[in-house]
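A.B. asks: I have a structure here, written as structure tokens, and I will follow up with some questions on it.
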Amino acid sequence: MITISVCENRKIDCDARQRKELKVFDDAWCAKPGKSSLFDWRHNEVLSRNYVGVVQVPGLTVEILPKIDRNRTDSAGGKILAQHNLLYMLSYTGNIPFEERELAGLKLEKMPLLEVLIRLFSNRLLEELRRGVDHAYVNREENLPRIKGKILMNRHLLVNAAHRERFYVGFDEFLDDTPLNRILKATSRRLISVSSNADTQRLLMETTAIFDEVGDIFPDTHHFDKVHLHRNNERFQALLDFSRIVWQGQSPNPSAGDSRTFSLLFPMEQLFELFIARYIRRHAEEFGFDRRDVHIQSESCTKYLLRDETSNTLKFKLLPDLLVAKGKTAPQLILDTKWKCLKSDDEDKKNGVPQADMYQMYAYANRFNCTDNVLLYPDVTGVIPKTYLLEDDLSSKRIRVAVIHLNHDLLTSTGRIDFKADLYRIVTIKEAAQ
């Protein structure tokens, strides 16, 4: 198995057979509702696009990493840094079964990205199972030589007309054969076939042994819909979410060929958005905010852009990535992230900020009546942050274009840049531009 590591929007150097395998995978991916092509196909080449993660096809594994430093993104050191920072961002999303503290104990530079993700899943799953396996009362029906539960009379008369010594009964039994456990068992078995690390495989086999009495399934959407999390099993939430991502990339009717393909993919735009929003919420007090006032995707602070004249219904919901507001007062900050590569001031005085991004922030500023509105992009050398005042607006509403440095280790914040301090500087600027 050959492993190729590339950053976003880069050419994947592979031969004709490997390109064909990637094309088959991409066509299957595009056939799913709401999915667009993972790769850019042009001039007999294949380029990665805006997803990060891992794609595995027969004979080839492709790691796609975030492009955090265009000056050294293709170097060995740049790729290790990109992998570290990708894992760090994922640790904040909530649907990956690990937290930032768990990353420090792994020797990440010695493991491919796929193996790291599988190892983190297996470690967390085994830890939770040792705390206790999910159980639930499961309704069962059996034909027994004794009465257990209640006799299901219609079925009993039909089945036991000639067997008066038996009883067809229905009863509830406290079992570990639950929808949640079936999904976790299936995910463990799937990852055993994908992992090439003996220690990781051993951990996963230990989890499947614990699930010995649990039924086998090939998870699909309806299996996840049957899972009901409650106070006793909500600790499995991140493991369930990770399992959903695993099975999103699988065919609903697996064949021998399908078992050799695998993917764990994350849209980088959404990942960056969620990482920044949840980082600010987690460290809200250090940024001078009350955590209860930090709203992701404008939770409980919904506004609409327009009202339909005929039906009088609201249209075009406005959903800033992050909004800081106390109660129903005007927000003190609106922040929207954009995973786009700006141009330096020498290349473009407006840094190539799309007009659509500015129009969006203009709508946020006016509808939410917010004076401080921030468009946040990843840092590019030569970009000087800008502040714009809304024309003819007496309240001095402003839109700031800011950049955040990602070309250093976010976990340790070693070197000249501290990520938390950098973000603090961005979200706490109070002075209006002159």
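A.B. asks: Which condition number does G249 fail, the rest of (1) surrounded by 17 or more Cβ atoms within 10 Å (Cβ to Cβ); (2) closer than 24 Å to K32 by Cβ; (3) modelled with pLDDT of 90 or more being met?
C.D. replies: (3)
A.B. asks: For segment 282-313, name all the residues that are farther than 25 Å from Y362 by Cβ and among the charged types (D, E, K, R).
C.D. replies: Hits for segment 282-313 are R282, E285, E286, D290, R291, R292.
A.B. asks: Can you confirm whether E206 is assigned to a loop (DSSP other than H, G, I, E, B) and either more than 16 Å from A136 (Cβ to Cβ) or not hydrophobic (A, V, I, L, M, F, W, C) (or both)?
C.D. replies: No; evaluated as a whole, the condition is false for this residue.
A.B. asks: Continuing with the same structure: Taking segment 305-342, which residues are touching a residue at least 60 places away in the same chain (Cβ under 8 Å) and either hydroxyl-bearing (S, T, Y) or surrounded by fewer than 11 Cβ atoms within 10 Å (Cβ to Cβ) (or both)?
C.D. replies: Correct list: T337 only.
A.B. asks: In addition: Taking segment 117-142 as the region of interest, how many residues are modelled with pLDDT of 90 or more and assigned to a strand (DSSP E or B)?
C.D. replies: Final tally of qualifying residues: 0.
A.B. asks: Filter segment 370-400 down to residues that are of a type in the set (K, R) and either over 29 Å from the mean Cα position of the chain (by Cα) or part of a loop (DSSP other than H, G, I, E, B) (or both) and give me whichever is farthest from F275 (Cα to Cα).
C.D. replies: At the first step, the residues of segment 370-400 found to be of a type in the set (K, R) are 386, 397-398, 400.
Imposing the further condition that a residue be either over 29 Å from the mean Cα position of the chain (by Cα) or part of a loop (DSSP other than H, G, I, E, B) (or both) reduces the set to 386, 397-398.
Numbers: K386: 23, K397: 26, R398: 24 Å.
In this case the residue turns out to be K397.
A.B. asks: For segment 324-369, give me each residue that is under 27 Å from the mean Cα position of the chain (by Cα), within 27 Å of V52 (Cα to Cα) and part of a loop (DSSP other than H, G, I, E, B).
C.D. replies: K338, W339, K340, C341, L342, V353, P354
A.B. asks: Within segment 38-52, take every residue that is surrounded by fewer than 12 Cβ atoms within 10 Å (Cβ to Cβ) and either acidic (D, E) or not in a strand (DSSP E or B) (or both) and give me the one that is modelled with the lowest pLDDT.
C.D. replies: Taking segment 38-52 and keeping what is surrounded by fewer than 12 Cβ atoms within 10 Å (Cβ to Cβ), we get 42-44.
Now restrict to residues that are either acidic (D, E) or not in a strand (DSSP E or B) (or both): 43-44.
Details: H43: 75, N44: 80.
The qualifying residue modelled with the lowest pLDDT is H43.
The values are calculated or read from the model by the stated rules, or taken from the named source; none is laboratory data. Computed from a prediction, not measured in an experiment: that's the story for all the values here. FYI the Cβ positions are ideal-geometry reconstructions off the backbone, even for glycines, and counts take in every protein chain you see.
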